[in-house]
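Notes follow once the structure below has been shown.
The values are calculated or read from the model by the stated rules, or taken from the named source; none is laboratory data. Everything quoted here is computed from the prediction, not taken from an experiment. Using ideal geometry, Cβ is built from the backbone for each residue, glycine included, and neighbour counts are taken over all protein chains shown.
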């Protein structure tokens with residue numbers, strides 16, 4: 001579940017809120033009265049999302065990645081020592 005905070009809370013505790021978002025790498029929804037909410041994410045999380053979007057932007061690459069993930073999940077096409085339990 002995504003945490004939410006009011007704009008007033010974020011404004012009053014900005015340093016603490018930023019630290020929490022960066023430490024947890026979890027998004028924070030900021031509610032604003034009479035305006036649409038926004039989401040705060042850490043730079044690390046944003047970069048990860050951008051990379052994922054880039055990797056999945058090609059249908060062929062997305063298909064290869066999904067197949068590879070399924071293979072790992074079902075322990076197919078692995079060499080000895082590839083996975084550590």
Residue count for region 1-10, restricted to those that are in a helix (DSSP H, G or I) and out of contact with any helix residue (DSSP H, G or I) (no Cβ under 9 Å at 6 or more places or on another chain): 2
Restricting attention to region 20-45, report how many residues are surrounded by 12 or more Cβ atoms within 10 Å (Cβ to Cβ) and assigned to a helix (DSSP H, G or I). 5
Checking the structure you have, find out if any residue of region 71-79 is part of a helix (DSSP H, G or I), modelled with pLDDT of 85 or more and under 26 Å from residue 26 (Cα atoms). no
